[in-house]
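Beneath this line is the structure, given in structure tokens, with notes to follow.
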Amino acid sequence: MTEDEARQLILETLKSKSKSKSKFYLKDFYAIVPDMRNREVKNLVNKMVQEGHLEYWSSGSTTLIGLKGVGKQHREEDEE
């Protein structure tokens, strides 16, 4: 699987699950792209964050990753 195919698969998977869940653990991305090594998936996710497709969210003890601009915290910001 090429990097572009993996990138597309990640975005499609996150969009399809965005109604029920907006943030995911890094290990969830490993399951989305099982053909790639964990290190490659981590580097791809980091690159997608830098490009603005994904974003990190932290509770202080846990870091989650989701689509940029999607999720409960963004709906709350829009209402203000």
Original post:
Could you count how many residues in segment 1-26 are under 10 Å from the mean Cα position of the chain (by Cα) and under 13 Å from ILE65 (Cβ atoms)?
Top reply: 9
Subject >> helices (runs of 4 or more DSSP H) lying entirely in segment 1-73 (those with 3 or more residues that are surrounded by 11 or more Cβ atoms within 10 Å (Cβ to Cβ), in contact with a Phe, Trp or Tyr (Cβ under 6 Å, 6 or more places away or on another chain) and modelled with pLDDT of 90 or more) >> reply: 38-51
Original post:
If you check every pair at least six apart or on different chains, which have Cβ atoms under 6 Å apart with a residue in segment 1-23 that is farther than 12 Å from ASP35 by Cβ first and a residue that is assigned to a strand (DSSP E or B) second?
Top reply: LEU14/LEU67; SER22/GLY66; LYS23/TRP57; LYS23/LEU64; LYS23/GLY66
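The values are calculated or read from the model by the stated rules, or taken from the named source; none is laboratory data. Bear in mind the structure is a predicted one, so any value in this text is a computation, not a measurement. Methodologically, a virtual Cβ is constructed for each residue, glycine included, from the backbone with ideal geometry; neighbour enumeration extends over all protein chains shown.
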